[in-house]
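Notes follow once the structure below has been shown.
What follows is calculated from the coordinates using simple rules that are stated; it is not laboratory data. Given the structure is predicted, the values throughout are model-derived calculations rather than measurements. As a convention, Cβ positions derive from the backbone with ideal geometry for all residues, glycine included, and neighbour counts pool all protein chains shown.
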Amino acid sequence: MTHDTDDARWDAMQRRDRAADGTFLFAVKTTGVYCRPSCSGRPLRRNVAFYETAAAARADGYRACKRCKPDATAT
């Protein structure tokens, strides 16, 4: 499955799809944290932004999740 739309990415997050890890990251606007798709965090859709890389999420001011450690698999 490709994760090239926000709807597909949201679906992968809801399923906690480990196959999606490394293909995109999501950031939670209310907490300032970015995570892997398989992370157990469950934000509201309106609070989520999607990123291709950890560098892009960091550039927008987000920090890595301490639970899922997205920097271990993403660049």
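See the values below:
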{"item": "Size descriptor, Kirkwood hydrodynamic radius, that averages inverse alpha-carbon separations across the range 6-72, Å", "result": "11.4 Å"}
{"item": "Rounded to 5, percent antiparallel among DSSP beta bridges of the chain", "result": "70 percent"}
{"item": "Total charge dipole magnitude, the chain, about the Cα centre, Cβ charges on Lys, Arg, Asp, Glu only, Debye to nearest 20", "result": "480 debye"}
{"item": "Whole-number percent relative contact order across the chain, with pairs defined as alpha carbons under 8 Å at least 6 apart", "result": "30 percent"}
{"item": "Residue-averaged 222 nm ellipticity for the chain, from DSSP H runs of 4+ at -39500 (n - 2.57), nearest 500", "result": "-5500 deg cm²/dmol"}
